[in-house]
Amino acid sequence: MSENNQLRDVFDAIADPTRRQLIRLLAEAEEIPLHELTSQFQMGRTAVSKHLTILKEAGLVLDRKVGRETRFRLNASPLREIQDWLAFYSKFWSMNMLRLNQLFEEEEE
């Protein structure tokens with residue numbers, strides 16, 4: 001688990017395309033009610049709620065009640081774990097591409 005002592009792994013949470021779309025929608029707004037999120041998908045409210053629960057368990061989504069309505073917002077800080085992981089591999093591929101380029105240049109000489 002990450003240093004935030006999260007209940008669910010962030011990588012697991014973003015593995016599903018529906019959850020990635022939910023993250024994108026939440027990133028574009030300050031806060032969105034459940035019924036508005038549900039209208040963006042061809043699935044029922046219960047299914048969307050289950051996806052939001054997984055994101056919430058990973059610390060990616062925060063919710064609050066406003067009367068009878070539940071509103072959701074993105075907490076992007078757990079995504080830093082993914083960014084750090086990708087940064088390592090980005091550096092790895094950059095180094096390999098640089099080596100490959102050097103080999104091509106040596107062969108041309």
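The values are calculated or read from the model by the stated rules, or taken from the named source; none is laboratory data. Not measured: the values here are computed from a predicted model. Positions of Cβ are generated from backbone atoms using ideal geometry, with glycine treated the same way; all protein chains shown enter the neighbour counts. Calculation scope for accessible area: heavy atoms of the full protein, side chains included, ligands and nucleic acids excluded. Shrake-Rupley method; radii C 1.70, N 1.55, O 1.52, S 1.80 Å.
Starting from the alpha-carbon convex hull of the chain, give the projected area averaged over all orientations, in nm².
Numbers: hull surface 38.0 nm².
Approximately 9.5 nm², given one-decimal rounding.
Of the heavy-atom accessible surface of the chain (probe 1.4 angstrom), what whole percent is carbon and sulfur?
On the way: 4050 of 7990 Å².
Percent of accessible area from carbon and sulfur atoms in the chain: 51.
Go ahead and set up a Gaussian network model of the chain, Cα springs under 10 Å, then flag whichever of Arg24, Arg99, Arg80 fluctuates most.
Between Arg24, Arg99, Arg80, it is Arg99 that shows the largest mean-square fluctuation.
Only Lys, Arg, Asp and Glu count, each charged at its Cβ (+1, +1, -1, -1), so figure out the dipole size of the chain about its Cα centre, rounded to 20 debye.
My answer is approximately 1080 debye.
Rounded to the nearest 500, what is the chain's calculated 222 nm mean residue ellipticity when only DSSP H runs of at least 4 contribute -39500 (n - 2.57) each, over all residues?
Taken over the chain, the calculation gives -18000 deg cm²/dmol.
Which value, in Å², gives the accessible area per residue of the stretch 68-109 when a 1.4 Å probe is used on the protein heavy atoms? Spell out each step's value before the answer.
Working: 3820 Å² over 42 residues.
That works out to 91 Å² for each residue.
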